[in-house]
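Data first, discussion second: the structure below is written as structure tokens.
None of the figures in this text is laboratory data; all of them are computed from the coordinates on show. As the structure is a prediction and not an experimental result, all values here were calculated from the model. Cβ sites come from the backbone with ideal geometry, for glycine too, and all protein chains shown count toward neighbours.
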Amino acid sequence: MSYPRQNIYERDNYTCQYCGFSGASDFESWQLGWFAIDHIKPRKHGGSDDDSNLTVACHPCNSMKSATDCNSIEDGKKAIAIKIEERKRWFKKYVLENPNIKS
Ligand SMILES: [Zn+2]
């Protein structure tokens, strides 16, 4: 059995190209990463299915990048960094500083 787009996984060493999280070392890491193949430039923005437009992404990066229009891995990293900052602010306000949450 081969994985769909296994050539992309092998090229990228089963590692998220946005954050560097590797799923290659053991099954737990592979499972935790919940990896997918991402279109760097999303199809809805005219991105192709060419291998050069495909990359391995872990689930958090893939979800945060979503369909943000990007032209490169670096663009994706920037889009993800912005989302992480938004999420940090949300977490601080609604979890860390929420008096109803018991730690
Ligand atoms: Zn990632």
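Points to keep in mind about this one:
This table checks each residue for (1) under 20 Å from TYR9 (Cα atoms); (2) among the acidic types (Asp, Glu); (3) within 14 Å of the ligand (Cβ to nearest atom).
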{"residue": "LEU54", "(1), (2), (3)": "yes, no, no"}
{"residue": "CYS58", "(1), (2), (3)": "yes, no, yes"}
{"residue": "CYS61", "(1), (2), (3)": "yes, no, yes"}
{"residue": "SER66", "(1), (2), (3)": "yes, no, yes"}
{"residue": "SER72", "(1), (2), (3)": "yes, no, no"}
{"residue": "ALA81", "(1), (2), (3)": "no, no, yes"}
{"residue": "ILE84", "(1), (2), (3)": "no, no, yes"}
{"residue": "TRP90", "(1), (2), (3)": "no, no, no"}
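- Single match in SER48, SER29, SER63, SER52 (criterion: of a type in the set (Ser, Thr, Tyr) and loosely packed, with under 11 Cβ neighbours inside 10 Å): SER52
- Members of region 52-72 that are under 10 Å from CYS16 (Cβ atoms) and either part of a helix (DSSP H, G or I) or not aliphatic (A, V, I, L, M) (or both): THR55, CYS58, HIS59, PRO60, CYS61, ASN62
- Test for PHE27: is it free of Cβ contacts under 8 Å to residues at least 40 places away in the same chain, away from the ligand (no atom under 15 Å from the Cβ) and under 20 Å from PRO4 (Cβ atoms): yes
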